[in-house]
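The values are calculated or read from the model by the stated rules, or taken from the named source; none is laboratory data. Because the structure is predicted, anything quoted here is derived from the model rather than measured. Counting neighbours? That spans all protein chains shown, and the Cβs are built from the backbone with ideal geometry, glycine included.
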Amino acid sequence: MNDHDTLFAQLSTLSASVTLLFGIALLWRRSLGAYIGAFRWQSLVLSAAFALIGYYGHDHELYIVAAVLLALKVLIIPRYLNRLYRRVGGEREAQPYVNIATSLIVAGLLVMLAYAITRPLVMVSKLPTRGGIPLAVGLIFVGLFVIVSRRKALTQIVGFLVLENGIALLAALCTYGIPLIIELGVFLDVLMGFLVMQVIVYHIRDTFESIDVEQLSQLKH
Amino acid sequence: MTPYLLEIGQALLALLLAPGLVGFIRWFKARLQGRRGAIPWQPYYDLRKLFGKEVVMSKNASWLFRFAPYVIFATAVAVTLLVPLVAAPLPFDAVGDLLAVVYLLLLGTFFLALAGLDPGTSFGGMGASREMTVAAIAEPTIALAIFGLAVGAGSTNLGRIVAQTLNHPGAVINPGHLLGFTALFIVMIAETGRLPVDNPSTHLELTMIHEAMILEYSGRYLALIEWAAALKLLIFFSLLSNLFLPWGVATALTPGALGVAAVALMAKLVALAAVVAVMETRIAKLRLFRVPELLGVSFVLALLSVTSSFLLR
């Protein structure tokens, strides 16, 4: 491996670990505003990772993907999330199903699990970006964990978006980006999914005067 | 002969710089908050004043109360002999490694907590209980965070780790390195009693940890404890800077290289002190019950740091 590849390997692993770092930082926070902030930073690092892989992998389509990602996940979605957050009032993730200290340990274990299950893949891979693959899989697990362990509709949306970030990162690390048209389709899906969820959150809010999804499990209120 | 001179010189340098470091953080923080602040070398005057003062002791205090300040100070000084401040690898690397450093620091904390309990005041007991709560999670995290580096270097000797990182500068942007740095930074804040875990500048009953334990101390005992606390801050700062960004550390024992290393050390200390001062100005203290959660974050990061260094070797 030459110097160029070594640097690429280290930078891609670094960006993957910073992305994961924001995913874990999310679990520590309580205020919904902090969730949105952490997601925004994570998306910024992710789009930098796309640009980086585009530069070293000589794939100029990835620059477009990075730009779209920047516009969508750093500017547009966090903005709508913030508006949603203001509209539903200053609710907090006061009592998640799994408390914060336990969530952190579970997140650590999930990342270790990701290391364990991607080990065969990393060992046969010759890609310079292979070091980041376990971290991306770990991020997907952490996103899923946020969805199942948090009880506010808004934090669950952020969990979904983090999960999506993890999938995008994994795709970029494993294949240097899937074709542009598919990537754009995925982004459109995310945006549509997000808009639908936003509408549902407003409905939950109108019906129950709270965005706690626990309320949905009762027939009457 | 030279190795011993180096070790003694390093310890003396640490002893000399430590109060200045604390003073600099206070001064810079005051400036950031729009106050004039005391001059950065104020802690030296404070120490001289305290050493000159008479010791007042509670009638309930036992020999332990008089003995503890010496242990606390001695453990801090012993650690400065083992931590690579200006040169690596150190001649004393064979004497003690990372585990010795962690447990010497813990020994100091243990005696501080005992001394807090000894006079039987309610504040002392409260402070001791809180300090132990923090230390119980913080100590393993320090060891784990540095283990992340030790796996890469193949040795738990701090000097060996620094020398290894100097030989392979690319390792600095490894995920293991980055996660370990974040973990150790959080632990440093908890262990040295800075915001958001403990507020070093107040004596408010509800929040204090470190100050609650040393309330009963006066005179030269207080001076020793304050000096040891400043040393501990310096030790953590230099662990953070020299383990993770080792540039400037002398690998050859020439006067020129050592001079450069001393200047580089001071520059790194000032930079870290500025970061801590800015952070303390921007954030508020955490509620005590959230502190274990913050330390949980750092423990998980340290665990991941070890995992990734181990699996990506």
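Quick test of your reading of the structure: B:Val151 fulfils all but one of (1) more than 30 Å from A:Thr6 (Cα to Cα); (2) away from chain A (no Cβ under 12 Å). Name the failing condition by number.
(1)
Quick check on B:Ser155: is it in a loop (DSSP other than H, G, I, E, B), polar (S, T, N, Q) and out of contact with any Asp or Glu (no Cβ under 7 Å at 6 or more places or on another chain)?
On the way: in a loop (DSSP other than H, G, I, E, B): yes; polar (S, T, N, Q): yes; out of contact with any Asp or Glu (no Cβ under 7 Å at 6 or more places or on another chain): yes.
So B:Ser155 passes the test.
Is it true that A:Val158 is part of a helix (DSSP H, G or I), at pLDDT 80 or above and in contact with a helix residue (DSSP H, G or I) (Cβ under 8 Å, 6 or more places away or on another chain)? Walk me through how you get there before you give the answer.
Working: part of a helix (DSSP H, G or I): yes; at pLDDT 80 or above: yes; in contact with a helix residue (DSSP H, G or I) (Cβ under 8 Å, 6 or more places away or on another chain): yes.
Yes: the conditions hold for A:Val158.
Quick one: is B:Lys232 crowded, with 22+ Cβ neighbours inside 10 Å and either without any contact (Cβ under 8 Å) to a residue 12 or more places away in the chain or in contact with a Ser or Thr (Cβ under 9 Å, 6 or more places away or on another chain) (or both)?
Details: crowded, with 22+ Cβ neighbours inside 10 Å: yes; either without any contact (Cβ under 8 Å) to a residue 12 or more places away in the chain or in contact with a Ser or Thr (Cβ under 9 Å, 6 or more places away or on another chain) (or both): yes.
Spelling it out, B:Lys232 is indeed crowded, with 22+ Cβ neighbours inside 10 Å and either without any contact (Cβ under 8 Å) to a residue 12 or more places away in the chain or in contact with a Ser or Thr (Cβ under 9 Å, 6 or more places away or on another chain) (or both).
With the structure loaded, tell me whether A:Tyr56 is over 18 Å from A:Leu169 (Cβ atoms), among the aromatic types (Phe, Trp, Tyr) and surrounded by fewer than 22 Cβ atoms within 10 Å (Cβ to Cβ) or whether it fails that test. Spell out the reasoning first.
Details: over 18 Å from A:Leu169 (Cβ atoms): no; among the aromatic types (Phe, Trp, Tyr): yes; surrounded by fewer than 22 Cβ atoms within 10 Å (Cβ to Cβ): yes.
Here the answer is no, as A:Tyr56 does not meet what is asked.
Does any residue in the stretch A:106-121 that is closer than 12 Å to B:Leu311 by Cβ and more than 9 Å from chain B (Cβ to nearest Cβ) come within less than 7 Å, Cβ to Cβ, of a residue that is of a type in the set (S, T, N, Q) and crowded, with 20+ Cβ neighbours inside 10 Å six or more places away or on a different chain, and which pairs are these?
As it stands, the answer is none, since no pair meets every condition given.
Residues being over 18 Å from the mean Cα position of the chain (by Cα) and either surrounded by fewer than 19 Cβ atoms within 10 Å (Cβ to Cβ) or modelled with pLDDT of 85 or more (or both): count how many of those fall in the stretch A:11-52. Give the steps one after another, and end with the answer.
Going residue by residue through the stretch A:11-52, those that are over 18 Å from the mean Cα position of the chain (by Cα) are A:11, A:52.
Remaining after also requiring either surrounded by fewer than 19 Cβ atoms within 10 Å (Cβ to Cβ) or modelled with pLDDT of 85 or more (or both): A:52.
Qualifying residue count, the stretch A:11-52: 1.
In the stretch A:122-153, what count of residues is obtained for those that are away from every other protein chain (no Cβ under 13 Å), closer than 30 Å to A:Asp212 by Cβ and in a helix (DSSP H, G or I)?
Going residue by residue through the stretch A:122-153, those that are away from every other protein chain (no Cβ under 13 Å) are A:124, A:126-127, A:140, A:143-144, A:146-153.
In the following step, the residues that additionally are closer than 30 Å to A:Asp212 by Cβ were identified as A:140, A:143-144, A:146-153.
If we keep only those that are in a helix (DSSP H, G or I) as well, we get A:140, A:143-144, A:146-149, A:153.
Selection size over the stretch A:122-153: 8.
Name every residue in the stretch B:97-120 that is part of a loop (DSSP other than H, G, I, E, B) and surrounded by fewer than 18 Cβ atoms within 10 Å (Cβ to Cβ), in order of residue number. Lay out the reasoning, then the answer.
Initially, the stretch B:97-120 is screened for residues part of a loop (DSSP other than H, G, I, E, B), giving B:97, B:118-120.
The answer is B:Gly120, and nothing else.
Could you grab me the full set of residues in the stretch A:90-105 that are free of Cβ contacts under 8 Å to residues at least 60 places away in the same chain and within 10 Å of chain B (Cβ to nearest Cβ)? Can you show your working first?
Kept after step one, since they are free of Cβ contacts under 8 Å to residues at least 60 places away in the same chain, are these residues of the stretch A:90-105: A:90, A:95-99, A:101-102, A:105.
Within the stretch A:90-105, A:Asn99, A:Ala101, A:Thr102, A:Ile105 qualify.
Out of A:Phe50, A:Phe8, which single residue is in a helix (DSSP H, G or I), within 14 Å of chain B (Cβ to nearest Cβ) and either over 28 Å from B:Ser298 (Cβ atoms) or among the charged types (D, E, K, R) (or both)?
On the way: A:Phe50 fails: within 14 Å of chain B (Cβ to nearest Cβ).
Being in a helix (DSSP H, G or I), within 14 Å of chain B (Cβ to nearest Cβ) and either over 28 Å from B:Ser298 (Cβ atoms) or among the charged types (D, E, K, R) (or both) holds for just one of A:Phe50, A:Phe8, which is A:Phe8.
For B:Ala284, are the conditions met, namely being small (Gly, Ala, Ser), surrounded by fewer than 23 Cβ atoms within 10 Å (Cβ to Cβ) and within 14 Å of chain A (Cβ to nearest Cβ)?
Details: small (Gly, Ala, Ser): yes; surrounded by fewer than 23 Cβ atoms within 10 Å (Cβ to Cβ): yes; within 14 Å of chain A (Cβ to nearest Cβ): yes.
Against the criterion (small (Gly, Ala, Ser), surrounded by fewer than 23 Cβ atoms within 10 Å (Cβ to Cβ) and within 14 Å of chain A (Cβ to nearest Cβ)), B:Ala284 qualifies.
Residue by residue through the stretch A:199-212, note down the ones that are surrounded by fewer than 18 Cβ atoms within 10 Å (Cβ to Cβ) and in contact (Cβ under 8 Å) with a residue 40 or more places away in the chain.
Of the stretch A:199-212, the ones surrounded by fewer than 18 Cβ atoms within 10 Å (Cβ to Cβ) are A:199-200, A:202-203, A:206-210, A:212.
Across the stretch A:199-212, the qualifying residues are A:Ile200, A:Tyr202, A:Ser210, A:Asp212.
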